[in-house]
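Structure first, then comments.
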Ligand SMILES: Cc1cc2nc3c(=O)[nH]c(=O)nc-3n(C[C@H](O)[C@H](O)[C@H](O)COP(=O)(O)OP(=O)(O)OC[C@H]3O[C@@H](n4cnc5c(N)ncnc54)[C@H](O)[C@@H]3O)c2cc1C
């Protein structure tokens with residue numbers, strides 16, 4: 001059965017960059033995010049908004065989909081449907097310019113930069129394509145950076161020397177305080193980085209890792225801020241990289257669009273069936 005999420009992904013064309021089109025060809029990306037739960041999607045919003053060519057590969061099973069009612073996510077005082085939140089977060093990643101495909105990553109390998117088919121694009125982070133990323137269906141991507149946000153799945157990293165896996169009954173990756181693993185260019189975000197098992201914490205960590213990717217790539221990143229017209233420039237300051245000043249008309253237009261979109265997003269209950277633990281499904 002096609003869920004609302006599937007329909008929306010088809011509508012937005014997120015699948016068009018996926019298995020069928022790629023057909024096994026290796027295409028270069030600045031960032032490949034493995035896992036499209038709250039952590040991975042939040043990371044993608046930050047890297048894509050800053051212009052890094054970002055691809056999210058998601059096997060489609062964020063555990064948050066099993067939640068009955070999300071009541072502790074900041075900004076929703078009476079709670080929010082977790083599936084709706086995930087859909088909106090995916091939409092936000094699309095709007096930021098990220099591509100998303102459904103697929104399971106089966107392997108990440110070190111790539112000899114000269115073996116990658118294409119050089120980093122103009123405006124990319126300038127790093128060599130360090131990684132080859134393969135999916136179950138045979139798609140292959142070259143990536144300068146990989147953000148692993150796959151909760152407890154780490155098997156696809158087995159061929160990378162230097163990745164610290166911590167086994168606590170479930171697998172986690174060993175990271176520093178900014179989500180960097182022992183392999184340059186490989187990051188872990190969210191639950192996989194042993195963050196507390198809460199959606200807001202994992203989303204926040206994904207955002208932090210996204211910013212870390214930008215900082216490590218020495219992008220001229222200040223803060224991803226949208227400020228009132230003249231906030232910086234009327235004080236004789238240059239507009240800092242990553243910031244945008246908007247005037248009152250633009251602000252009203254954006255607010256109007258947002259109100260309309262949110263009204264329609266919350267007009268009806270989410271149609272996807274309530275999921276539970278796989279062991280209870282019989
Ligand atoms: C029943 C239940 C109720 C919950 N209720 C709450 C709550 O009320 N409040 C709260 O704050 N938290 C709640 N949580 C916890 C919350 O869902 C998690 O902490 C949060 O989703 C973790 O985010 P994440 O992005 O790290 O992982 P996930 O959201 O699980 O995302 C990981 C993604 O990676 C994908 N993936 C895995 N391996 C691969 C691969 N090899 N290739 C491609 N993709 C891959 C998965 O398909 C998945 O989409 C609940 C969890 C459960 C199970």
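The stretch 218-271 to the stretch 182-196: how many Å between their Cα centroids? Taking the Cα centre of the stretch 182-196 as reference, the centre of the stretch 218-271 is 29 Å away. Projected onto their three principal axes, the Cα atoms of the stretch 226-282 cover extents of 66, 25, 10 Å, largest first.
Compute and list, largest first, the equivalent-ellipsoid semi-axes of the stretch 184-279 from the alpha carbon gyration tensor, each √(5λ) rounded to a whole angstrom.
33, 26, 9
We did not get these values from a lab; they are worked out from the coordinates using the rules stated. Keep in mind that this is a model prediction, so the values were computed, not measured.
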